[in-house]
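Notes for the one structure printed next.
What follows is calculated from the coordinates using simple rules that are stated; it is not laboratory data. From a predicted model like this one, the values you see are computed outputs, not experimental measurements. Every residue, glycine as well, gets a Cβ built from its backbone with ideal geometry; the counts of neighbours run over all protein chains shown.
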Amino acid sequence: MRTALTVLRKDLLLELRAMETVPAMVLFAIVTFVIFHFGLNRATIEGQLAAGVLTVTLLFASMLGINRLFVAEREQGGFDAFLLAPVDRSALLVAKAAALFTFLVVLELVAVPAFGLLLLGPPLGPRLLGLIPVLALADLALAVIGTLVSAIAIQTRARDLLGPVIGLPLLIPALIATARGTGPLLAAHTSGSPPGKWLAILALYDAVFALLAYALFDFLLED
Amino acid sequence: MSIYGRGLRGLAIVTVVTISTALVLVFFYAPLDADQGFIQKIFYIHVPLAIVSLCGFVLGGLFGAGHLRTGERKWDMRSYVAIHMALIFGVGGLITGSTWAKASWGHWWEWGDPTLVSFLIVLLLFATYQPLRFSIEDPERQSRYASVFAVVAGAFVPMNFIVVRLSQEFVHPRVLTLTGGNLPGPMRLTFVVSLAGIALLYATLWKYEMAAKNARGQARALRRALLGDDAVRPLGRSAAPS
Amino acid sequence: MADTPAIELRGLTRHFGERTALRDVSVQVAAGATLAVLGRNGAGKSTLLRILATLLRPHSGDAIILGEPLPRRAFAVRARIGFVAHEPLLYRDLNGRENLRYHARLRGIDDGRVERLLAAAGMDGRAEEPVRLLSQGMVQRLAVCRAVLHEPELLLLDEPRANLDPAASELLEPLIGRAAGATRVLTSHDPQAALAEADLVLGLKDGRAVFVGEPGQLSGAALKDLYA
């Protein structure tokens, strides 16, 4: 645990210094909203359509973060530095997933209000409380799968291509659950609480893949 | 003969017999479906292909786990062959499913069928398996990473199926099966024999490819041992374990 | 205990796919001694160092480091090994102090040690600058600090003096030189420099150990042949 915190601190510090990943993700999301406006030719959207646009945008913006996650380790000897230390290697998975989760939360802090401003018909305010658990579970899914897939892709020749190409199909069940979980929330008339069924599915997805990733990560690091 | 070659001929014969029997049953024994007519008979190849393909992917995941646990390359070879055979059978399942949809409802794709849809997703995922392998040059790392992928993707198959199915409750369940889930006797028999035939075909092809790859690997090792490293041309980049 | 060799390699073999990087290498290094590994590029020196650093596992043969067999006991022995690698293993966007603190925290070493090392290497004045702005010599000094943070018993030195001017080299001598007291394995592009420091020499050619012995026993012709 201490190891994971050390690595996480290092990654957050690096991101604060370089300021590359999170700003890019945020800009990407906002531009995508603009593109959706023109692509759908709609001034406002609501309900399941809005849920789809929001979910898909967050998903694709996260791909930027996923692609960058292990680049510094690969190019600046970070893997060796970590592997030389007498630490539990799965801590790297926990740290990186936590870092990615943090980046996604920061992304959403900007992108969701932007979405409310630019595209969402019904007012965002009353819906925020309901959105938080869905997005939190979705971010967890993105963090776990993203870290796993990024760790696989970084060792290949086609690294920026393979990450998304493997990650997106893997994330489809999470995407389904997130979109269907937010759909009722973004409808014109909403109860304000997300459908329990989809939260449960997201939680199950997160649990299964988090456990699997934790069990398998060591094999990606050994040599 | 290697362990994969042993029994291969016997298995192949049993496969041919079973498939021939299945064909006979399909065309001459199974009754015509009242709603869909003759085209319904695609069911007897589509569903077995889908089932065997999905099982093949899960099997690939199990073999991958075996490789990770034991570190022996032969498990990776088994995983590779299982997955790539399952992919081929899967594409066959997708094509036959699409054909059936066209014939039954007039369009080539049907989002309302959870089996077809989750199948497409699974195929999209496993289509990345070979590019992933090809993209890693070091053979040991390639095997290890492919095994990790196989395990994750194998676990994904049932999860995906369940979630897609759950996502479709309010859509008209235009499911590509027959009335209810209960097949009348003659249809059930035909289906079971077809399923057995496709499963045997998968097993035969799997064994055959394993035998071929194994033989090639042994030939190379022998050449290297007898004639030295230089006598064996390097394989170059390859997606297949050697 | 004092008689246990620090490094025991017997028939060590490692492949990369079909290429054999190390073939049947055997050598014993006593505690506190310095082993020089000589050979041209591609001979297997880096592979050997990486196996000793527990970054690679041996494919066959025995590797017993500080009494612990690899790869089974790799985790146990990692804390006792320091590696000055070909790359500095430092993050370019962080400064020297942040980099060293990161490595220190991974090993449970306190910040005081970081400060003492920075001072010893003459880097305390430049410790707040991002590594990407430092000269190669300074980066190398930081890399050496990184490697000795945890006072390792075994030092693996891949070209430790690369980019160092004589003054810097002298500064680092107490950290990675003979006086440090650790068992050392070093490689160098300059065989003469390596031979001058060595108690034992391992000559590698195409992955095979073609010479194991004292520096005095290595003839000029044999040395030339190693690099041919």
*Report, in whole Å, the centroid distance computed from the Cα atoms of region B:7-31 and region B:123-172.*
31 Å
_From the helices alone, meaning DSSP H stretches of at least four residues, give me the mean residue ellipticity at 222 nm for the protein assembly as shown, per-run term -39500 (n - 2.57), in deg cm²/dmol to the nearest 500._
-20500 deg cm²/dmol
*asked:* Between region A:20-72 and region C:161-179, what is the separation of their alpha carbon centroids in Å?
replied: 52 Å
*Could you please state, rounded to a whole Å, how far the C-alpha centre of region B:49-115 is from the C-alpha centre of region A:105-134?*
39 Å
*What distance in nm separates the simple spin-label points at A:LEU118 and C:ASP190, each placed 7 Å from Cα in the Cβ direction?*
5.9 nm
*Which helices, taking whole DSSP H runs in chain B, have alpha carbons extending 27 angstrom or more along the helix axis plus mean Kyte-Doolittle at least -0.5?*
B:43-70, B:73-105, B:139-166, B:185-227
*How much net charge surrounds C:VAL77 when only the other residues with a Cβ under 11 Å from the Cβ of C:VAL77 are counted, with Lys and Arg +1 and Asp and Glu -1?*
+2
_Nearest-20 debye value, the protein assembly as shown charge dipole, Cβ charges on Lys, Arg, Asp, Glu_ = 1620 debye
*In debye, nearest 20, what is the charge dipole magnitude of region A:2-221 about its Cα centre with +1 on Lys and Arg Cβ and -1 on Asp and Glu Cβ, if you could check?*
140 debye
*If one takes the longest principal axis of the Cα atoms in chain A, at what angle in degrees, from 0 to 90 and to the nearest 10, does the Cα axis of helix A:2-18 lie?*
70 degrees
_Rough spin-label spacing in nm, given labels placed 7 Å along Cα→Cβ, for A:LEU161 and B:TYR29_ = 4.9 nm
*Which far-off residues, 5 or more places away or on another chain, put their amide H under 5 Å from the one on C:ARG208, with H placed in the peptide plane?*
C:ARG23
*Which FRET efficiency, nearest 0.05, do A:ASP223 and C:ASP206 yield, Cβ-Cβ r, R0 22 Å?*
0.50
_Backbone N under 12 Å from the A:GLU20 label point (7 Å along Cα→Cβ), restricted to region A:72-97_ = A:72-76
*Using only Cα atoms, tell me the angle between helix A:159-182 and the longest principal axis of chain A; keep it within 0 to 90° and round to the nearest 10.*
40 degrees
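Which value, in debye to the nearest 20, gives the size of the charge dipole of region C:7-226 about its Cα centre, when Lys and Arg are +1 and Asp and Glu are -1 at the Cβ?
Details: 29 positive and 27 negative charges, 137 e Å.
Magnitude of the dipole: close to 660 debye.
Expressed in nm to one decimal, what extension gain is obtained for the pair B:LEU226 and B:ILE88 from 0.36 nm per residue of sequence separation less their Cα-Cα distance?
On the way: separation 138, 0.36 × 138 = 49.68 nm, distance 3.75 nm.
Taking 0.36 nm per residue and subtracting the Cα distance, the gain is 45.9 nm.
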*Points 7 angstrom from Cα along the Cβ direction at C:ASN163 and C:SER135: gap in nanometres?*
1.2 nm
*asked:* Give me the extension gain from A:LEU204 to A:HIS37: residue separation times 0.36 nm, minus the current Cα-Cα distance, reported in nm with one decimal.
replied: 56.8 nm
*Using r as the Cβ-Cβ distance of C:ARG19 and C:ARG40, and R0 as 22 Å, what FRET efficiency do you calculate, to the nearest 0.05?*
0.85
*Cα long-axis angle, helix A:125-153 against chain A (0 to 90 degrees, to the nearest 10)*: 30 degrees
